[in-house]
Amino acid sequence: MKISGSRIIVECLVEQGVDTIFGYPGGAILNVYDELYKNQDRIRHILTAHEQGAAHAADGYARSTGKVGVVFATSGPGATNLVTGIATAYMDSSPIVAITCNVATSLLGKDSFQEIDITGVTMPITKHNFMVRNVEELASVIREAFVIAKSGRPGPVLIDIPKEVTDPKKLIDFEPLKNPSEALNFVTKDSESLRRALDTPVPGDDEIKAAADIINGAKRPVIYAGGGVIISDAAKELLDFANKADIPVSQSMMGRSAFPSSSPLNLGMVGMHGTKASNMAVTESDLVIALGARFSDRVISDASRFAQNSSVFHIDIDPAEINKNIPVSGSLIGNVRDVLSRLLPLINKADHGEWRKTIEEWKKVQPKMYDENPKDSINPKFICECIHRIAGDDTFITTEVGEHQLWTAQHYPFEKPRTFVTSGGLGTMGFGTGAAIGIQFANPERRVVHIAGDGSFRMNCNELATISHYGLPLVIVVVNNGTLGNVRLWQKVFYGERYSATTLDFGPDWVKLADAYGIQGFRATNAEEFEKVFAEAFKSGRAAIIDAKVDIDVPVLPMVPGGKAIYEQIMDLN
């Protein structure tokens with residue numbers, strides 16, 4: 001059949017199983033939006049308040065489902081407003097496809113109105129990007145983009161399309177696919193980017209056997225589980241592996257929902273704000289088994305003293321991560337789920353009783369501040385536990401970035417994979433509200449609770465318009481301590497209590513703001529009030545904001561100062 005470039009975009013997205021697009025229209029992408037209007041019964045478009053919110057929504061959609069999220073934006077500032085969202089997805093290996101439209105090719109390079117070289121801008125923060133100058137190439141590029149985004153280590157792909165390529169009057173032959181898997185037959189076979197995306201190594205049997213021998217020989221092993229466990233859907237395999245081998249499990253922030261908090265083998269988060277048990281287990285182990293993790297600086301701190309008495313065995317799909325930050329004694333390159341499945345039959349049923357007994361003693365060491373229950377504010381640990389008690393294991397939890405994020409990672413008892421969605425690598429304030437929107441659209445039968453800091457929420461509260469317009473039942477808990485808390489903590493400990501530009505002693509009134517958008521607003525100043533209003537908000541099935549008062553000087557502890565080893569933790573500031 002003969003169709004236009006804008007129709008090709010819609011048809012290719014339908015082929016790939018896309019049911020939802022997040023975006024914001026503009027002049028250069030008008031042809032595509034006109035085609036969306038004609039096909040609104042096939043693909044749903046969600047209009048956000050800002051392009052960055054749309055990018056985060058596509059990211060949240062992807063992280064909660066494992067499918068590719070899609071975002072649209074126009075040229076110039078529309079495209080550049082996606083950059084932070086694309087970079088966030090890139091750092092956390094989230095598969096999204098961003099489609100932007102540019103000025104006509106005759107206007108490129110002439111400083112035309114709303115012209116930007118978005119492929120040049122995003123080259124360092126995409127897995128690959130394209131500019132499609134010929135409509136005949138459009139279908140194969142879109143299909144290739146989806147293959148690249150979701151293959152191997154996932155990541156964002158950007159497609160930029162000059163306006164005349166979407167001209168509704170220019171029709172070309174289009175061959176539809178009967179099955180999305182046929183996309184490989186239509187893409188450029190000699191594409192280097194595609195070859196890399198599809199080239200997932202598979203370890204040999206001898207390599208698997210050698211790895212099993214190393215694991216079976218360890219006396220004090222510990223697993224360091226990263227976000228790759230979740231991305232590869234390996235949570236069940238991890239649980240079976242840990243139980244059979246009797247190995248405690250530490251997690252990075254991105255891996256926090258990869259392992260059930262209720263398991264006796266759970267150690268919680270590792271690193272700068274990790275638990276005493278997690279950090280000490282890594283330090284005193286004789287074998288660290290890293291699964292889908294990248295050994296970020298927030299985990300390892302002083303690299304020269306990280307697991308310095310241990311062997312490190314790294315399993316990851318990306319060979320670039322091996323020996324990048326920490327030297328390893330062995331590795332397997334491949335999909336984490338597949339590797340664990342092959343390892344499991346070769347792993348001995350073990351009992352590391354003495355090692356676990358030592359770890360149980362470390363588990364008893366907790367910052368005392370989290371046991372306090374103030375009368376005129378709310379303990380952040382209580383907030384996490386209360387939300388879980390009412391919302392249950394199936395609820396998705398999103399956060400912004402800051403102290404509230406770290407408290408959530410430390411204290412929320414996650415039981416199921418993909419239920420914790422946060423910005424780990426880039427640390428994007430403003431991520432969580434858009435992500436919560438995307439998750440709710442992707443999972444309409446489940447609930448989403450967004451835990452935000454008052455500092456971060458200022459950056460994206462315009463998306464309350466989106467939440468209200470689409471009637472999303474999101475509950476937003478604003479952990480309101482009147483400060484940029486993470487920065488204030490460093491100012492308190494390392495800068496002589498000089499609180500430069502971190503005190504937020506000015507509006508808005510979050511309850512009044514909620515009312516302005518037609519959303520329920522609640523205020524809570526102590527634990528009893530919080531439990532009451534959260535239960536009411538959650539059970540109402542409507543959008544709500546809860547302004548939850550937390551004392552300005554409640555720190556995130558434990559804490560590892562910069563340059564220190566992860567076992568040199570601050571447990572008390574008094």
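The values are calculated or read from the model by the stated rules, or taken from the named source; none is laboratory data. Note that the coordinates shown come from a computational prediction; the quantities given were computed from them, not determined experimentally. As a convention, Cβ positions derive from the backbone with ideal geometry for all residues, glycine included, and neighbour counts pool all protein chains shown. Ligands, DNA and RNA are stripped out before the accessible areas are found, and what is left, the full protein with its side chains, is counted by its heavy atoms. Shrake-Rupley method; radii C 1.70, N 1.55, O 1.52, S 1.80 Å.
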Requested in this report: Enumerate the pairs (first residue in the stretch 362-390 and more than 21 Å from D553 (Cα to Cα) and in contact (Cβ under 8 Å) with a residue 12 or more places away in the chain; second residue anywhere and among the aromatic types (F, W, Y) and part of a helix (DSSP H, G or I)) with beta-carbon separation below 7 Å, excluding pairs fewer than 6 apart on the same chain, so at least 6 apart or on different chains.
Outcome: C386/F530; C386/F534; I387/F534; I390/F534; I390/F538
Query raised in the report: Is there any pair linking a residue in the stretch 31-44 that is more than 19 Å from T74 (Cβ to Cβ) to one that is at pLDDT 95 or above and open to solvent by 10 Å² or more (accessible area, probe 1.4 Å), with Cβ under 6 Å and at least six apart or on different chains, and which?
Result: R42/V14
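Of the residues that make up the stretch 521-532, is at least one modelled with pLDDT of 95 or more, part of a loop (DSSP other than H, G, I, E, B) and open to solvent by less than 60 Å² (accessible area, probe 1.4 Å)?
Kept after step one, since they are modelled with pLDDT of 95 or more, are these residues of the stretch 521-532: 521-532.
This time we only want the ones that are part of a loop (DSSP other than H, G, I, E, B), so: 525-526.
Retained after the next criterion (residues that are open to solvent by less than 60 Å² (accessible area, probe 1.4 Å)): 525-526.
Within the stretch 521-532 (the criterion being modelled with pLDDT of 95 or more, part of a loop (DSSP other than H, G, I, E, B) and open to solvent by less than 60 Å² (accessible area, probe 1.4 Å)), the answer is yes, since at least one residue qualifies.
If only one of S304, S278 is open to solvent by less than 10 Å² (accessible area, probe 1.4 Å), under 24 Å from M559 (Cα atoms) and not in a loop (DSSP other than H, G, I, E, B), which one is it? Steps first, answer last, please.
Working: S304 fails: open to solvent by less than 10 Å² (accessible area, probe 1.4 Å).
Of the residues listed, the single one that is open to solvent by less than 10 Å² (accessible area, probe 1.4 Å), under 24 Å from M559 (Cα atoms) and not in a loop (DSSP other than H, G, I, E, B) is S278.
Look through G438, G427 and report the one residue that is small (G, A, S) and without any contact (Cβ under 8 Å) to a residue 60 or more places away in the chain.
Values: G438 fails: without any contact (Cβ under 8 Å) to a residue 60 or more places away in the chain.
Unique residue meeting the criteria: G427.
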Query raised in the report: Scanning the stretch 498-519 for residues that are open to solvent by 70 Å² or more (accessible area, probe 1.4 Å) and modelled with pLDDT under 95, which turns out nearest to P380 (Cα to Cα)?
Result: D505
**Report entry** Residue within the stretch 437-459 that is assigned to a strand (DSSP E or B), crowded, with 24+ Cβ neighbours inside 10 Å, in contact with a Leu (Cβ under 7 Å, 6 or more places away or on another chain) and among the aliphatic types (A, V, I, L, M) present
**Finding:** yes
Query - Leading residue by the ranking (least open to solvent (accessible area, probe 1.4 Å)) among those in the stretch 357-378 that are among the polar types (S, T, N, Q) and closer than 18 Å to E529 by Cα - result: S377
Requested in this report: Name every residue in the stretch 202-241 that is part of a helix (DSSP H, G or I) and either at positive phi or of a type in the set (V, I, T) (or both), in order of residue number.
Outcome: I208, I214, I215, V229, I230, I231
Requested in this report: Those residues that are assigned to a loop (DSSP other than H, G, I, E, B) and of a type outside the set (G, A, S), I need them from the stretch 307-320; list them, please.
Outcome: Q308, N309, I317, D318
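Residue under question is R298, and the condition is that it be part of a loop (DSSP other than H, G, I, E, B), open to solvent by 20 Å² or more (accessible area, probe 1.4 Å), more than 19 Å from F414 (Cα to Cα) and in contact (Cβ under 8 Å) with a residue 40 or more places away in the chain; does it hold?
Numbers: part of a loop (DSSP other than H, G, I, E, B): no; open to solvent by 20 Å² or more (accessible area, probe 1.4 Å): yes; more than 19 Å from F414 (Cα to Cα): yes; in contact (Cβ under 8 Å) with a residue 40 or more places away in the chain: yes.
Answer is no for this residue.
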